[in-house]
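> What follows is a structure written as structure tokens; I'll ask about it next.
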Amino acid sequence: MSELSAALRRTLEDRFGYVRLRGEISKCTHHGSGHVYLTLKDDNACIDGVVWRGSVKNLACRPEQGLEVIVTGKITSYPQRSCYQIVIDTMEPAGVGALLAQLERLKAQLKSEGLFDAARKRPIPAIPTVVGVITSPTGAVIRDILHRIRDRWPCRVLVWPCVVQGDQAAGQVAAAVKGFSSLPEDGPIPRPDVLIVARGGGSVEDLWPFNDEALARAVAACPLPVISAVGHETDTTLIDFVSDRRAPTPTAAAEMATPVLTDLKAQLADFDRRMQRCTGRAIELRRTRLTGVSARMPSRADLFGRREQRLDQASARLSSALQANAAAHERALLRVASRLSPATLKRPIEQQAERLAALDRRASQALRQWLRDREQRLSGLARRLPSMERPVRQALGRLDELGRRSQAALGRLQRREAERLERLSRLFLSLDPDRPLERGFARVHLSDGRLVRSAGQLAAGDALALKFRDGEAGAVVTGGEPRKPTAPKKAKAPPPGQGDLF
């Protein structure tokens with residue numbers, strides 16, 4: 001049985017090595033392995049067919065049930081089921097009706113996915129700097145587009161050459177759309193602001209590459225605005241629905257993509273004239289308002305005349321007031337200086353020195369008197385107690401020792417008093433009010449002669465006297481709060497009962 005099946009298979013393949021059939025697809029199955037199993041039929045017969053996985057991508061149309069197609073391939077047998085079949089190599093739609101039916105199904109699918117929605121369409125830029133054109137470099141379309149752009153809006157045009165008819169047209173146009181989209185914005189080749197996909201008119205078969213599903217999806221996914229200009233005004237392709245704008249002709253696409261330079265210049269000139277008129281009216285209106293406001297404002301003499309007069313009077317009194325203030329401060333300073341004379345500070349030191357000298361004299365006299373008393377007492381004891389020579393000698397030795405200790409104690413006392421006197425002298429020098437003036441300091445006195453010890457004693461406008469090493473100088477306080485006027489002290493009433501002596 002196997003030999004018979006093999007012989008039948010060889011006979012079929014030798015006799016019908018390559019055939020071309022036309023029929024309608026029925027029972028189409030796309031297997032998970034990638035193979036496609038189908039049945040071709042006509043009015044009187046049917047034949048099984050298979051498309052191997054490697055040949056599916058080369059088919060001109062997708063096998064679907066009910067589609068009328070023309071296929072080519074070889075006849076072979078399938079021994080396991082004792083039947084024959086055709087191994088399909090190529091497949092294309094049979095006739096315009098089938099192509100349009102397939103196009104309508106694809107259009108419905110893309111529409112259901114939202115690729116035709118107006119909300120996803122991008123606006124065309126008003127003033128493009130770079131225009132990308134995808135078309136054939138040898139046809140009349142590119143010349144019409146370049147001529148129209150040159151007349152309306154001279155800008156840079158990038159042309160991506162590709163074929164626009166045949167089996168390779170859809171792939172090349174889709175690659176051009178993706179290539180323009182992938183250009184970097186700051187690269188050596190500028191990225192276009194808008195794309196034009198253009199082709200001249202032709203039959204349905206000539207324009208069929210622009211109905212390709214992959215091309216339509218590439219145009220829909222393009223981030224740049226796309227203008228479709230395929231065929232004449234009555235021609236319609238699938239990319240017309242997914243592109244952002246559809247132009248009836250390539251020339252119209254160039255007009256959609258670019259503005260008219262002369263119109264823009266005229267519009268700018270009109271805007272400039274209107275702006276100048278509006279600015280002139282605004283300036284004139286504000287000039288009129290300013291004139292009216294300035295007429296109602298008082299003059300400079302009315303605003304500042306009285307104040308200037310008061311200032312002149314105050315400045316005239318200022319010099320005499322400053323002289324009087326300086327004289328008062330000088331008198332107060334003399335009074336204070338008389339109280340702080342060096343003789344006043346030397347007097348306590350002299351008194352301490354006199355007291356120390358008196359104490360020294362008294363201590364010396366007392367010591368000598370004590371020594372004389374002791375000596376007389378010892379002499380008496382020596383006379384009364386001649387037998388006590390040894391104790392006397394011992395007492396004399398002790399007396400000598402006490403004398404030496406007394407002399408040492410007196411010396412220490414004198415040194416302590418001398419050190420105390422020296423400290424008092426240094427204290428005198430540190431308390432001398434004129435000593436800091438030697439180091440660059442100055443004493444600050446109020447007008448009444450009081451010494452200024454803190455900033456809280458001063459107020460704005462107070463007159464000061466500055467005492468330096470080599471003289472005096474006057475000053476006036478400019479910062480802080482002005483001094484509040486104090487009410488004059490009321491004179492005390494005389495005690496009751498005392499009359500007037502005069």
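The values are calculated or read from the model by the stated rules, or taken from the named source; none is laboratory data. Just so you know, these numbers come straight off a predicted model, no measurement behind them. When we count neighbours, we look across all protein chains shown, and the Cβ atoms used for this are built from the backbone with ideal geometry, even at glycine. Ligands, DNA and RNA are stripped out before the accessible areas are found, and what is left, the full protein with its side chains, is counted by its heavy atoms. Shrake-Rupley method; radii C 1.70, N 1.55, O 1.52, S 1.80 Å.
> Could you tell me the accessible area of Ser315 in Å² (1.4 Å probe, neighbours in place), rounded to the nearest ten?
Counting only protein heavy atoms, Ser315 exposes about 70 Å² to solvent.
> Using r as the Cβ-Cβ distance of Gln351 and Leu413, and R0 as 25 Å, what FRET efficiency do you calculate, to the nearest 0.05?
0.85
> Let me ask something else. Work out how much length Ser430 to Leu158 would gain on full extension: take 0.36 nm times their residue separation and subtract the Cα-Cα distance, in nm to one decimal. Numbers along the way, then the final one.
Numbers: separation 272, 0.36 × 272 = 97.92 nm, distance 9.69 nm.
Extra length available between Ser430 and Leu158 comes to 88.2 nm.
> I've got another one for you. What is the spin-label model distance, in nm, from His232 to Ser112 if the labels are put 7 Å beyond Cα along the C-beta direction?
Each label point lies 7 Å from its Cα, and together they span 3.6 nm.
> Let me ask something else about it. Given axes a ≥ b ≥ c from the Cα gyration tensor, I'd like to know whether the range 377-467 is rounded (a/c under 1.5), prolate (a/b larger than b/c) or oblate. Write out the running numbers ahead of the final one.
On the way: a/c = 8.48, a/b = 5.85, b/c = 1.45.
Here the range 377-467 falls in the prolate category.
> I've got another one for you. Quote to one decimal, in nm, the extra length available between Val87 and Asp360 on full extension: 0.36 nm per residue of separation minus the C-alpha distance between them.
Values: separation 273, 0.36 × 273 = 98.28 nm, distance 14.91 nm.
Roughly 83.4 nm would be gained on extension.
> If only Cα atoms are counted, what is the Rg of the chain, and what is its Dmax, in Å?
63.7, 188
> Let me know the shape class of the range 23-86, please: from the alpha-carbon gyration tensor, a ≥ b ≥ c as square roots of the eigenvalues, rounded when a/c is under 1.5, otherwise prolate if a/b is greater than b/c, or oblate. Kindly include the intermediate steps, with their values, before the conclusion.
Numbers: a/c = 1.58, a/b = 1.07, b/c = 1.48.
Oblate shape, in that a/c is at least 1.5 and b/c is the bigger or equal ratio.
> Between their Cα atoms, which of Lys74/Lys107; Lys57/Lys107; Lys178/Lys265; Lys74/Lys111; Lys111/Lys178; Lys107/Lys178 are more than 30 Å away from each other? Present the calculation step by step, with values, prior to reporting the outcome.
Working: Lys74/Lys107 33 Å; Lys57/Lys107 21 Å; Lys178/Lys265 35 Å; Lys74/Lys111 38 Å; Lys111/Lys178 22 Å; Lys107/Lys178 22 Å.
Too far apart for the 30 Å limit: Lys74/Lys107; Lys178/Lys265; Lys74/Lys111.
> Using 7 Å Cα-to-Cβ label points, what is the Gln369/Arg150 separation (nm, one decimal)?
14.4
> Nearest 10 degrees, 0 to 90: what angle lies between the long axis of helix 140-152 and the longest principal axis of the chain (Cα atoms)?
40
> If you wrap the range 221-278's Cα atoms in a convex hull and average its projection over all directions, what's the area in nm²?
The number I arrive at for the range 221-278 is 5.9 nm².
> Please report how far the C-alpha centroid of the range 142-198 lies from that of the range 81-136, rounded to the nearest whole angstrom.
20
> What number, rounded to the nearest 500 deg cm²/dmol, is the helix-based mean residue ellipticity at 222 nm of the chain, given -39500 (n - 2.57) per DSSP H run of at least four residues and division by all its residues? Working shown, then result.
On the way: 13 runs with 250 residues, N = 502.
It lands at -17000 deg cm²/dmol.
> Going by accessible area, probe 1.4 Å, with all protein chains left in place, what is the ranking of Arg81, Arg217, largest first? All intermediate terms of the calculation are to be shown ahead of the outcome.
Values: Arg81 160, Arg217 85 Å².
Correct descending sequence by accessible area is Arg81, Arg217.
> How big, in percent, is the set of alpha carbon pairs in the range 182-226 lying more than 18 Å apart?
Working: 442 of 990 pairs.
Here the tail beyond 18 Å accounts for 45 percent of pairs.
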